[in-house]
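Working notes for the structure below.
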Amino acid sequence: MKSLVVGLIAAALPLATAAQMENYNIDGQHTFPYFELEHLGFAMLRGRFDKTAGKFSIDRAAKTGALEVVVQTASVTTGDNDRDGRPRTRDEHLRTPDFFNVAEFPTMTYRSTAVKFAGDNPDTIEGTLTLLGVTKPVALKVERWKCGPDTVRTQGKRFMCGGNAVGSFKRTDFGMKYGAPAVVGDEVKLWISFYGFRQ
Amino acid sequence: MEELFANPALQAGVAPFLVALFVAIAFSRLRVGGLAAIAAFLVCFYLVTGIQFAPLTATRKILVLAIVAAAIGPLLDFALKPTRVGILLMAGGAAGGALWAFWPVILQKPGMQAWLFGGSAAIALAVMVGFAQAQLASDGVRAGAAVLALGLGVGIAAIFSASLTYGLYGIALGAGGGAFLLPQMIVGKKATAGATFTLPAMLIGGLVAVGAMLLAQLPWYCVLILALVPVMVRLPGPEKAPVWLQAIVFSLYGFVIAGVACALAWPSSPT
């Protein structure tokens with residue numbers, strides 16, 4: 001009888017742990033990865049991706065978490081979408097093999113390998129970015145993180161987390177070599193604003 | 001120095017031309033001066049993106065096919081002497097190569113578009129490689145003129161289609177064609193082109209055009225028009241005129257049809 005009780009407790013332990021894990025789906029309407037890089041050695045150029053999906057999970061007690069973000073590369077925009085007498089716009093150029101090669105690589109993906117906490121909040125996400133078929137480690141620093149009920153849109157019926165994360169990488173590490181570094185800089189700064197709804 | 005090698009004029013023009021010129025002159029006695037075209041392409045590829053094979057993207061598959069063609073070309077010239085059936089096999093192989101290189105991209109296109117793009121790619125490659133081997137391989141001037149016009153045409157059309165990288169590959173091929181022509185114009189004697197020159201050159205030109213269609217925005221009909229460059233260069237010309245004049249006339253033939261493709265590649269719609 002004693003061993004049965006011990007067995008039941010042991011079997012229930014993983015369930016208790018799993019219950020601590022909160023799962024969130026990324027809100028594609030309010031989640032945008034922005035990027036910034038040097039242009040012609042003068043100004044910094046900014047752009048973003050309009051279509052992003054994914055999920056994240058967090059276990060506040062165990063201070064662990066996971067993140068997976070899938071970005072539709074064809075949704076890249078830098079605000080230059082009017083040909084204005086030119087053969088193609090910059091946004092069209094960004095979709096070709098010179099940059100994101102969207103026909104061959106329609107998505108880029110970020111997957112976490114570890115989430116480090118500072119106090120009760122996630123602080124640093126270690127993970128890998130897969131871009132143009134190349135996977136390299138990229139770390140994200142969580143600059144802002146807040147969770148609570150969505151009182152504005154759902155009168156508190158929906159629980160969400162939101163914030164900002166930043167990171168950087170060299171695009172040539174992923175084989176994106178066009179114009180680097182003289183025309184378009186090599187160092188890319190990422191700035192992601194995100195929201196996730198708890199499942 | 002790094003800035004110099006990052007200059008597109010050097011990457012697609014000066015460096016490929018000089019290396020191709022060296023190959024055309026140095027290897028002409030061995031009758032493999034036709035390797036000038038692949039040499040120009042490889043120099044440009046190395047300077048623009050670097051020679052790498054993983055991950056094996058469509059662009060890198062072009063590189064693989066070009067190297068394989070450069071190995072097969074001399075073999076055909078010296079050992080196998082292609083027959084009519086052999087030429088048909090070469091044309092079929094080129095079409096198959098195009099489908100292999102771009103199959104994952106073609107599969108992503110909706111039904112009719114996949115057939116249109118896949119069909120255009122296969123037909124263009126078959127026509128370019130088959131016709132050039134059958135009709136231009138024995139005439140170094142016509143073959144050189146065809147590669148010069150095709151390379152520049154594909155390059156400019158690719159730039160209009162938003163891919164400067166593919167544009168540079170095309171222009172480098174044109175530089176290789178020009179480098180193969182120049183010694184013939186100066187010496188006044190036609191060189192041997194053979195499959196050594198025409199097979200890799202036409203394959204590269206065709207695949208770069210297909211890449212600009214599938215990965216950038218080159219209209220499908222421009223690829224088919226570019227496939228007519230070798231046909232155009234075969235039209236009757238001043239056969240008894242000096243070699244330099246023949247080279248200019250046949251190049252102009254090619255530029256006319258390549259120019260039509262470039263004009264059509266310039267988009268008429270605002271976005």
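The values are calculated or read from the model by the stated rules, or taken from the named source; none is laboratory data. Computed from a predicted structure; not experimentally measured. All Cβ positions, glycine included, derive from the backbone under ideal geometry; neighbour counts span all protein chains shown. The area values use the complete protein model at the heavy-atom level, side chains included, leaving out ligands, DNA and RNA. Shrake-Rupley method; radii C 1.70, N 1.55, O 1.52, S 1.80 Å.
Scan the range B:210-268 residue by residue and report those that are within 14 Å of chain A (Cβ to nearest Cβ) and farther than 24 Å from B:TRP115 by Cβ.
B:CYS262, B:ALA263, B:TRP266, B:SER268
Hey, does the range B:65-76 have a residue that's without any contact (Cβ under 8 Å) to a residue 40 or more places away in the chain, touching a helix residue (DSSP H, G or I) at 6+ places or on another chain (Cβ under 6 Å) and over 17 Å from B:GLY194 (Cα atoms)?
No; the residues of the range B:65-76 include none that is without any contact (Cβ under 8 Å) to a residue 40 or more places away in the chain, touching a helix residue (DSSP H, G or I) at 6+ places or on another chain (Cβ under 6 Å) and over 17 Å from B:GLY194 (Cα atoms).
Rundown of residues vs (1) crowded, with 19+ Cβ neighbours inside 10 Å; (2) not polar (S, T, N, Q), yes/no style:
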site: B:ALA26; (1), (2): no, yes
site: B:ALA37; (1), (2): yes, yes
site: B:THR59; (1), (2): yes, no
site: B:LEU65; (1), (2): yes, yes
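Among the residues of the range B:236-253, are any within 23 Å of A:GLY85 (Cα to Cα) and assigned to a loop (DSSP other than H, G, I, E, B)?
In the first step, residues of the range B:236-253 are kept if they are within 23 Å of A:GLY85 (Cα to Cα); the result is none.
No, there is no match, as no residue in the range B:236-253 is within 23 Å of A:GLY85 (Cα to Cα) and assigned to a loop (DSSP other than H, G, I, E, B).
Might you let me know whether the range B:83-90 holds any residue that is of a type outside the set (Val, Ile, Thr), within 30 Å of B:LEU30 (Cα to Cα) and either touching a Gly at 6+ places or on another chain (Cβ under 9 Å) or not in a helix (DSSP H, G or I) (or both)?
The answer is yes, given that some residue of the range B:83-90 is of a type outside the set (Val, Ile, Thr), within 30 Å of B:LEU30 (Cα to Cα) and either touching a Gly at 6+ places or on another chain (Cβ under 9 Å) or not in a helix (DSSP H, G or I) (or both).
Residue-by-condition table, conditions (1) buried (at least 24 other Cβ atoms within 10 Å of the Cβ); (2) among the aliphatic types (A, V, I, L, M):
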| residue | (1), (2) |
| --- | --- |
| B:GLY178 | yes, no |
| B:LEU182 | no, yes |
| B:ALA193 | yes, yes |
| B:GLY206 | yes, no |
| B:LEU215 | yes, yes |
| B:LEU228 | no, yes |
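Which of the numbered conditions does A:HIS93 fail, given that it passes all the others? Conditions: (1) open to solvent by 20 Å² or more (accessible area, probe 1.4 Å); (2) of a type outside the set (Asp, Glu); (3) touching a Leu at 6+ places or on another chain (Cβ under 9 Å); (4) under 30 Å from A:ARG198 (Cα atoms).
(4)
Out of all the residues in the range B:220-233, is one or more touching a Ser or Thr at 6+ places or on another chain (Cβ under 6 Å) and more than 14 Å from B:LEU150 (Cβ to Cβ)?
yes
Being within 14 Å of chain B (Cβ to nearest Cβ) and of a type in the set (S, T, N, Q) is the filter here, so list the residues in the range A:51-104 that pass it.
The answer is A:GLN72, A:THR73, A:THR77, A:THR78, A:ASN81, A:THR89, A:THR96, A:ASN101.
Need at least 1 residues that are modelled with pLDDT of 95 or more and basic (Lys, Arg) per element, so show me which strands (runs of 3 or more DSSP E) inside the range A:21-100 make the cut, counting only ones lying wholly within it.
Counting at least 1 such residues, we get A:43-49, A:52-59.
Could you list, in sequence order, all residues of the range B:14-24 that are over 20 Å from B:ILE72 (Cβ atoms) and buried (at least 20 other Cβ atoms within 10 Å of the Cβ)?
Answer for the range B:14-24, where residues must be over 20 Å from B:ILE72 (Cβ atoms) and buried (at least 20 other Cβ atoms within 10 Å of the Cβ): B:ALA15, B:PRO16, B:PHE17, B:VAL19, B:LEU21.
Here is a list of conditions, (1) under 25 Å from B:ALA261 (Cα atoms); (2) open to solvent by 10 Å² or more (accessible area, probe 1.4 Å), and B:PRO104 meets all of them except one; can you say which number that is?
Exception for B:PRO104: condition (1).
Could you list, in sequence order, all residues of the range B:163-176 that are more than 14 Å from every other protein chain (Cβ to nearest Cβ) and open to solvent by less than 10 Å² (accessible area, probe 1.4 Å)?
Result: B:ALA172, B:LEU173, B:GLY174, B:GLY176.
Where in the range A:119-185 are there strands (runs of 3 or more DSSP E), lying wholly inside it, with at least 2 residues that are of a type in the set (S, T, N, Q) and surrounded by fewer than 17 Cβ atoms within 10 Å (Cβ to Cβ)?
Per the criteria, A:121-131, A:159-170.
For residues that are open to solvent by 70 Å² or more (accessible area, probe 1.4 Å), modelled with pLDDT under 95 and assigned to a helix (DSSP H, G or I), tally how many sit in the range B:108-130.
Final tally of qualifying residues: 3.
Among the residues of the range B:230-261, how many are buried (at least 24 other Cβ atoms within 10 Å of the Cβ) and either over 15 Å from B:GLY174 (Cα atoms) or of a type outside the set (Gly, Ala, Ser) (or both)?
The qualifying residues number 4.
If I filter the range A:132-140 for residues that are among the hydroxyl-bearing types (Ser, Thr, Tyr), closer than 30 Å to B:LEU107 by Cβ and more than 14 Å from chain B (Cβ to nearest Cβ), do I get at least one hit?
no
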